[in-house]
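All remarks here apply to the structure that follows.
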Amino acid sequence: MDLQLSGKTALITGATGGIGLEIARVLAAEGASVVIPGRNKLRLEAAVKTISLGSEGRVRGIEADTSTAAGAAVVAEELPEVDILINNLGIYEVKPFAEIPDEDWLRYFEINVMGGIRLSRAYLPGMLKRDWGRIIFISSESGLMTPSVMAHYGMTKTAQLAVSRGLANETSGTGVTVNAVLPGPTRSDASIGFLRSLSSNPEASDAQIESEFFKTHRSMSLLQRLILPDEIADLVAFVSSPRSAATNGAAIRADGGVIPTIA
């Protein structure tokens with residue numbers, strides 16, 4: 001299927017690794033011109049090189065930290081217009097609720113929520129003026145089913161759902177859409193380390209660690225394995241495309257069946 005992304009410019013945050021990197025790779029392969037910001041010059045250059053392999057679209061990086069107001073301003077100045085904005089930048093950790101200080105709550109909100117808000121505020125007006133655009137927030141199944149030991153993370157993912165739906169209301173009658181995608185546990189170097197931190201035997205193999213996680217912490221999963229980054233990226237690419245015009249204001253699950261249908 002031709003996703004009709006040739007000639008579109010896409011900005012993807014948090015794209016030097018993990019889901020964001022795969023989203024950028026898929027969009028570039030579909031012919032979009034891809035821009036990724038990053039605060040680490042070496043990681044940024046490596047990611048641009050990786051995304052460029054087999055790509056039909058142009059790829060470039062902007063050295064900036066979009067978790068800060070100053071970094072978002074740098075990106076908006078260097079890239080005044082985009083057709084597609086993927087708000088993917090985010091952090092997570094496991095920490096008991098009673099041990100989460102105010103500083104952590106504020107830091108998680110600043111990075112996971114305000115980063116996307118600032119860039120959406122910069123680019124939504126231009127999209128509305130041109131009568132076409134896509135804004136996608138990469139939320140999480142934790143936004144609907146928040147683990148008690150990740151309350152500060154889950155709070156930010158729920159906030160992203162509220163922000164994306166609120167922005168979607170601004171697009172009524174236009175060619176602009178705003179949606180959220182909710183991945184479940186997805187494979188990456190960081191996620192394997194995260195699962196290992198929860199394991200009863202941190203010395204076990206990756207396969208054993210993964211199996212224990214789903215038996216103990218995600219028994220409700222229908223997939224019963226980590227989702228692959230390309231399985232998220234392919235969905236995001238469709239939602240980014242002109243072919244997804246009827247999908248707006250939605251919270252789209254790619255959670256492996258973790259979230260009950262009634263949620």
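Quick notes on this structure:
- Remark: the chain carries 46 Å² of accessible area per residue (probe radius 1.4 Å; ligands, DNA and RNA excluded).
- Between region 58-118 and region 200-263, the alpha-carbon center distance in angstrom: 22 Å
- Shape of region 1-104, Cα gyration tensor, a/c cut at 1.5: prolate
- In the chain, the alpha-carbon atoms span a convex hull of 133 Å³ per residue.
- Helix-only [θ]222 nm of the chain, DSSP H runs n ≥ 4, -39500 (n - 2.57) each, per residue, nearest 500: -13000 deg cm²/dmol
- Between residue 200 and residue 52, the FRET efficiency estimated from the beta carbon spacing at R0 = 41 angstrom works out to 0.45.
- Ranked by the mean number of other Cβ atoms within 10 Å of their residues, highest first, the peptides 36-43, 189-196, 24-31 come out as 24-31, 36-43, 189-196.
- Only Cα pairs under 8 Å and 6+ residues apart enter the sum, and on that basis the relative contact order of region 26-89 stands at 32 percent.
- Relative packing of peptides 99-111, 126-138 - highest average C-beta neighbours within 10 Å first: 126-138, 99-111
- Hydrodynamic radius by Kirkwood, which averages 1/r over all alpha carbon pairs of region 116-263, in angstrom: 16.5 Å
- FRET efficiency estimate (nearest 0.05) - Cβ-Cβ, residue 172 to residue 192, R0 51 angstrom: 0.75
- Anchor residue 41: lysines whose Cα lies under 27 Å away (excluding residues fewer than 8 positions away in-chain): 8, 49
- For region 93-145, the mean projected area of the C-alpha convex hull, equal to one quarter of the hull surface, is 4.8 nm².
- Net length gained if the chain between residue 216 and residue 63 were fully extended (0.36 nm per residue, minus Cα distance): 51.1 nm
- Two-decimal ratio, region 95-197, of alpha-carbon radius of gyration to 2.2 N^0.38 Å: 1.22
- Burial ranking of peptide ranges 74-84, 152-162 (average Cβ count within 10 Å, highest at the top): 152-162, 74-84
- Apportionment of accessible area to carbon and sulfur, the chain, percent (1.4 Å): 54 percent
- Dipole of the chain, positive end: most advanced residue of 193, 213, 9 [Cβ charges, Cα centre]: 9
The values are calculated or read from the model by the stated rules, or taken from the named source; none is laboratory data. The model shown is predicted, which means the values in this text are computed figures rather than measured ones. Quick reminder, even Gly has a Cβ in these numbers, built from the backbone with ideal geometry, and neighbours come from all protein chains shown. We work out accessible area using only protein heavy atoms, side chains counted, and drop any ligands, DNA or RNA first. Shrake-Rupley method; radii C 1.70, N 1.55, O 1.52, S 1.80 Å.
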